[in-house]
2 protein chains.
Amino acid sequence: MILTVTLNTALDITYRVPVLRPHTAHRVTEMTERPGGKGLNVARVLAALGHEVTVTGFAGGATGRVVRERLPMSIGDALLPVSGATRRTVAVVDTRTGDTTQLNEPGPLITPAEWSAFQEAYEDLVADADAVALCGSLPPGVPVGAYAGLVRKARAAGVPVLLDTSGEPLRRGVAARPDLVKPNADELAELTGSHEPLRATQDARRRGAQAVVASLGPEGLIAATAEGRWRATPPTRIHGNPTGAGDSAAAGLLSALVEGLPWPDRLARAVALSAATVLAPTAGDFDRPAYEDLLDHITVTTEATAA
Amino acid sequence: MILTVTLNTALDITYRVPVLRPHTAHRVTEMTERPGGKGLNVARVLAALGHEVTVTGFAGGATGRVVRERLPMSIGDALLPVSGATRRTVAVVDTRTGDTTQLNEPGPLITPAEWSAFQEAYEDLVADADAVALCGSLPPGVPVGAYAGLVRKARAAGVPVLLDTSGEPLRRGVAARPDLVKPNADELAELTGSHEPLRATQDARRRGAQAVVASLGPEGLIAATAEGRWRATPPTRIHGNPTGAGDSAAAGLLSALVEGLPWPDRLARAVALSAATVLAPTAGDFDRPAYEDLLDHITVTTEATAA
């Protein structure tokens with residue numbers, strides 16, 4: 001079983017309007033809602049790849065109930081109830097252009113008792129896991145060093161752990177020596193101070209991450225690991241909606257790790273899934289035929305070590 | 001007991017962001033949510049004025065549960081459960097300027113069986129009511145002549161009925177001879193084709209409404225009734241948030257009608273409540289000291305009959 005952790009789950013709402021005009025009223029022409037938060041998105045892709053997956057984190061209030069009710073049957077639900085209400089995110093899509101305006105609630109205040117209860121539950125879940133993914137932002141009340149503690153617990157249990165977050169929680173988490181971090185270019189630059197991805201991935205390893213896979217958007221991924229350095233690139237520039245592409249890449253890396261595949265195959269899977277997510281009509285889903293087709297057309301090359 | 005009908009109840013969500021910039025991501029700095037829809041707003045003001053009030057209409061889904069849970073204890077809940085989910089409205093307030101961008105979901109699809117069940121429940125509720133207010137838009141599935149039928153049922157039971165809606169539901173409802181309609185200037189112009197309020201209120205009476213009270217925004221109200229014609233004006237131009245001012249005016253008219261007050265007193269109360277709502281810091285609430293002070297300072301004058 002793969003465990004994904006989403007401390008700040010969300011009810012992701014998408015509104016379609018012809019054009020968003022500030023300071024006017026809009027009739028929403030189409031509304032969809034579904035469970036969100038990075039770890040839940042990663043879990044959805046892992047389940048679609050045929051992996052047994054369990055989600056944990058927090059869910060509360062009416063929005064939390066909807067998140068739990070709407071979880072696919074193929075995903076195990078180990079979310080902990082909390083007194084606060086799970087946040088909503090609202091994506092307003094202009095139907096004329098496809099441009100999106102995003103409104104993100106901060107999330108519920110987690111009490112010290114809730115955070116303690118989570119850490120206990122997490123230890124039990126990790127004991128049964130083949131791998132763990134720690135994903136996304138921290139809700140108010142959870143200490144900034146939370147991921148560092150969760151990384152250490154996974155490592156103590158001998159379970160590989162992927163960390164996908166940003167800012168100070170990433171900085172502290174990296175120092176706890178996770179098996180893998182998967183920053184995008186901005187997150188990597190914020191962590192290392194370097195805008196040169198090759199140098200920055202190397203630097204992130206020196207800060208503690210055992211492997212660093214940085215997403216370069218449409219240009220694919222670069223990886224710095226103990227076994228070598230690679231660059232993985234899709235065959236053509238992919239156009240579409242990049243929402244969820246990073247979560248699909250994380251699911252690709254984690255599934256291939258659990259299956260014992262070598263690094264080049266892990267990276268090819270991550271890039272193919274990521275590109276197939278950009279191509280999918282629904283944000284966050286992946287286009288399966290495109291994924292299967294792309295998988296044979298990802299270029300993975302060895303990179304020389306940076307100076 | 002005063003009965004207010006809200007067929008398209010809502011969970012009204014307010015987000016505060018520094019400035020809304022289309023096609024970017026925003027962290028919401030403050031979020032509030034409360035039950036909404038015009039009839040619920042009218043009921044809240046009636047309850048604050050000390051009247052016994054019951055709300056009916058539809059509520060469904062997780063959002064409908066929140067609407068029911070958050071109804072003040074002072075309001076009787078006779079909302080009918082439906083299979084669809086109660087709509088949300090999202091008001092995004094720019095904290096720098098106070099400007100508001102509104103996103104309104106259309107509402108759940110009401111099935112023919114749900115609409116039949118409502119009409120039966122409504123007849124029972126009307127039998128116990130001193131007055132009825134029919135408020136707001138119709139959700140999908142409810143026939144456009146719905147309010148006309150509900151007006152006729154109230155009249156058959158000898159219960160005074162106020163209709164506060166717009167467009168075709170207003171046009172059809174007016175023809176069923178409600179005791180009172182309370183359009184704003186735009187709604188009145190749409191109904192009658194006239195942008196001259198004095199003429200238009202007269203015309204709305206000819207179309208069937210027994211009394212017409214038109215809101216002229218900061219300039220107060222004008223009324224055309226069987227007993228005479230009046231204009232009611234606040235002492236000064238009131239600055240603030242006009243959200244809910246029309247619902248407060250409806251509550252003022254209805255409460256004063258039930259109390260048997262003469263028309264000038266009804267209009268003074270409606271204008272004072274409406275102005276005190278514009279002055280309140282929270283949209284839709286009214287400032288009670290301001291209301292009590294304003295009540296003695298509303299000018300009500302008799303209007304000559306239009307040519």
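Things to note:
- Output for the stretch A:215-230, where each listed residue is surrounded by fewer than 19 Cβ atoms within 10 Å (Cβ to Cβ) and over 17 Å from A:LEU279 (Cβ atoms): A:LEU216, A:ALA226, A:GLU227, A:GLY228
- Considering residues of the stretch B:88-126 that are in a loop (DSSP other than H, G, I, E, B) and hydrophobic (A, V, I, L, M, F, W, C) only, the residue nearest to B:THR6 (Cα to Cα): B:ILE110
- Test set (1) under 21 Å from the mean Cα position of the chain (by Cα); (2) within 14 Å of chain A (Cβ to nearest Cβ); (3) surrounded by fewer than 21 Cβ atoms within 10 Å (Cβ to Cβ); (4) farther than 22 Å from B:ILE2 by Cβ - B:PRO143 fails condition number: (2)
- B:PRO72 vs. criteria surrounded by fewer than 18 Cβ atoms within 10 Å (Cβ to Cβ), away from every other protein chain (no Cβ under 13 Å) and not small (Gly, Ala, Ser): yes
- Of the residues making up the stretch B:236-259, just one is of a type outside the set (Ser, Thr, Tyr), in a loop (DSSP other than H, G, I, E, B) and within 22 Å of B:GLU303 (Cα to Cα), namely B:ARG237.
- Helices (runs of 4 or more DSSP H) wholly inside the stretch A:128-235 containing at least 1 residues that are closer than 30 Å to A:VAL82 by Cβ, touching a residue at least 60 places away in the same chain (Cβ under 8 Å) and not charged (D, E, K, R): A:146-156
- Count of residues meeting criterion [touching a Lys or Arg at 6+ places or on another chain (Cβ under 7 Å) and of a type in the set (D, E, K, R)] in the stretch A:113-172: 3
- Residue under evaluation A:ARG237, criteria (1) touching a Lys or Arg at 6+ places or on another chain (Cβ under 9 Å); (2) within 20 Å of A:THR277 (Cβ to Cβ), criterion not met: (1)
- Residue count for the stretch B:50-72, restricted to those that are part of a helix (DSSP H, G or I), aliphatic (A, V, I, L, M) and more than 20 Å from B:PRO140 (Cα to Cα): 1
- Selection status of A:THR165, among the hydroxyl-bearing types (Ser, Thr, Tyr) and either farther than 28 Å from A:GLU114 by Cβ or in the same structural domain as A:ILE238 (by TED's automatic domain parsing) (or both): no
- Any hit, the stretch A:38-49, residues being away from chain B (no Cβ under 14 Å), in a loop (DSSP other than H, G, I, E, B) and free of Cβ contacts under 8 Å to residues at least 24 places away in the same chain: no
- Residue count, the stretch A:260-284 (criterion: assigned to a loop (DSSP other than H, G, I, E, B) and more than 13 Å from the chain's Cα centre (by Cα)): 7
- Verdict on B:ALA59 being farther than 30 Å from A:PRO22 by Cβ, within 14 Å of chain A (Cβ to nearest Cβ) and buried (at least 24 other Cβ atoms within 10 Å of the Cβ): yes
- Residue in the stretch B:78-87 that is assigned to a strand (DSSP E or B), at pLDDT 95 or above, within 9 Å of another protein chain (Cβ to nearest Cβ) and under 20 Å from A:HIS23 (Cβ atoms) present: no
- The set of residues in the stretch A:190-223 being of a type in the set (Gly, Ala, Ser), under 19 Å from the mean Cα position of the chain (by Cα) and farther than 24 Å from A:LEU40 by Cβ consists of A:ALA204, A:GLY220, A:ALA223.
- Some residue of the stretch A:8-31 being on the phi < 0 side of the Ramachandran plot, within 14 Å of chain B (Cβ to nearest Cβ) and assigned to a helix (DSSP H, G or I): no
- Scan of the stretch B:101-127 for residues that are in contact (Cβ under 8 Å) with a residue 60 or more places away in the chain, more than 18 Å from B:GLY141 (Cβ to Cβ) and within 14 Å of another protein chain (Cβ to nearest Cβ), ordered by number: B:THR101
- For the stretch B:275-300, the set of residues classified as more than 9 Å from B:ASN241 (Cα to Cα), in contact (Cβ under 8 Å) with a residue 12 or more places away in the chain and not acidic (Asp, Glu) consists of B:ALA275, B:ALA276, B:PHE286, B:ARG288, B:ALA290, B:TYR291, B:LEU294, B:LEU295, B:HIS297, B:ILE298, B:THR299, B:VAL300, listed by residue number.
Residue-wise test of (1) crowded, with 21+ Cβ neighbours inside 10 Å; (2) without any contact (Cβ under 8 Å) to a residue 60 or more places away in the chain; (3) within 16 Å of the chain's Cα centre (by Cα).
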site: B:LEU3; (1), (2), (3): yes, no, yes
site: B:ASN8; (1), (2), (3): yes, no, yes
site: B:ILE13; (1), (2), (3): yes, no, no
site: B:VAL17; (1), (2), (3): no, no, no
site: B:THR24; (1), (2), (3): no, yes, no
site: B:ARG65; (1), (2), (3): no, yes, no
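- Checklist (1) more than 9 Å from chain B (Cβ to nearest Cβ); (2) under 14 Å from A:ALA10 (Cα atoms) applied to A:ARG96, failing item: (2)
- Of all the criteria given as (1) modelled with pLDDT of 95 or more; (2) out of contact with any Asp or Glu (no Cβ under 7 Å at 6 or more places or on another chain), the one not satisfied by A:THR305 is (1).
The values are calculated or read from the model by the stated rules, or taken from the named source; none is laboratory data. Just so we're clear, the structure is a prediction, and the values are computed from it rather than from any experiment. Ideal geometry is used to build each Cβ from the backbone, glycine not excepted, and the neighbour counts take in all protein chains shown.
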